[in-house]
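Reviewing the structure listed below.
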């Protein structure tokens with residue numbers, strides 16, 4: 001189990017430091033409406049040059065939302081709109097305040113009739129490519145950007161729920177073998193994490209949909225090796241990594257903890273506690289948690305630098321701790 005005394009010490013010390021010296025986006029996610037600095041921090045955030053820069057990327061013809069009209073940006077690129085939207089969604093400010101409603105409307109046009117988002121279209125084959133993990137990812141972004149009750153979000157969630165496999169999880173891979181039903185095949189932990197994060201935005205509403213797979217998935221993360229995602233050549237999970245933006249498999253430890261923290265009663269699960277302890281043991285007692293990957297596309301942010309203390313990475317972890325352990 002997690003030592004709550006150590007956890008509270010980590011939370012108290014780092015929260016105070018971020019609220020005093022942190023970047024406005026890091027400070028903002030630790031505040032709640034009604035707090036003294038909530039509105040002023042929001043305005044600092046909206047007027048910050050870094051935020052203006054990434055908002056401009058959303059308009060880019062090659063990596064922005066507009067790229068969906070031609071050759072869509074690769075979701076494996078850290079500076080593509082998939083991860084820019086994720087960063088903005090994690091902050092939790094609505095699209096209207098960010099001035100990107102017109103871009104979100106274009107994104108919504110990429111939803112197919114079955115509720116998934118089309119991220120590729122091969123004209124020669126007349127073939128649409130949709131992935132359940134990216135549909136969940138983009139729907140999470142819409143939910144956090146102020147479109148939780150939109151028909152687009154409802155249609156995406158309806159498709160996701162209807163695509164649940166018999167083991168309780170999800171997978172992007174389509175079935176090719178004859179005589180075997182897709183729902184009988186094992187799910188993908190990476191896809192599950194994206195779905196968990198989305199459904200967790202709705203409190204206990206979808207708890208029954210994720211309860212069947214939650215324990216199985218947590219056990220799979222307890223191993224150093226797992227068969228998880230078809231889009232990576234390295235079939236392993238590295239618990240030592242603290243990355244943001246998250247790797248496209250969705251399996252880095254910070255993304256895992258952040259996503260799972262939305263699930264009801266997750267703090268009672270021993271494997272989740274193990275993930276938390278793995279991070280707490282890395283803290284030197286004084287400084288912020290460090291990024292462990294150099295991401296040139298995000299070099300203007302502290303989490304884009306290798307081995308640099310990051311108030312954003314620390315704030316993401318703190319917000320997860322608050323949801324999972326310190327709700328009261």
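Values for this structure:
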read-out: Segment residue 77-residue 205, extension gain: residue separation times 0.36 nm, minus the distance between their alpha carbons; value: 42.8 nm
read-out: Relative exposure of 74, 252, judged by other C-beta atoms within 10 Å (fewest first); value: 74, 252
read-out: Residues 284, 167, 114, 302, sorted so that the one with the fewest Cβ neighbours within 10 Å comes first; value: 284, 114, 167, 302
read-out: Rel. contact order, % - alpha carbon contacts under 8 angstrom, at least six apart, region 1-121; value: 17
read-out: Euclidean distance between Cα centres, region 82-120 to region 22-66, Å; value: 16
read-out: Over region 25-170: Kirkwood hydrodynamic radius from C-alpha pairwise inverse distances, Å; value: 16.3
read-out: Full-extension gain in nm, residue 9 to residue 60, via 0.36 nm per residue minus C-alpha separation; value: 14.1 nm
read-out: Residues in region 3-24 that a label on residue 40 would reach, taking backbone N under 18 Å of a point 7 Å out along Cα→Cβ; value: 16-24
read-out: FRET E, pair residue 105, residue 277, Förster distance 45 Å, beta-carbon r, rounded to 0.05; value: 0.55
read-out: Length added when fully stretched, residue 114-residue 1, from 0.36 nm per residue minus Cα-Cα; value: 36.5 nm
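We did not get these values from a lab; they are worked out from the coordinates using the rules stated. Since this is a predicted model, take the numbers as computed values, not measurements. FYI the Cβ positions are ideal-geometry reconstructions off the backbone, even for glycines, and counts take in every protein chain you see.
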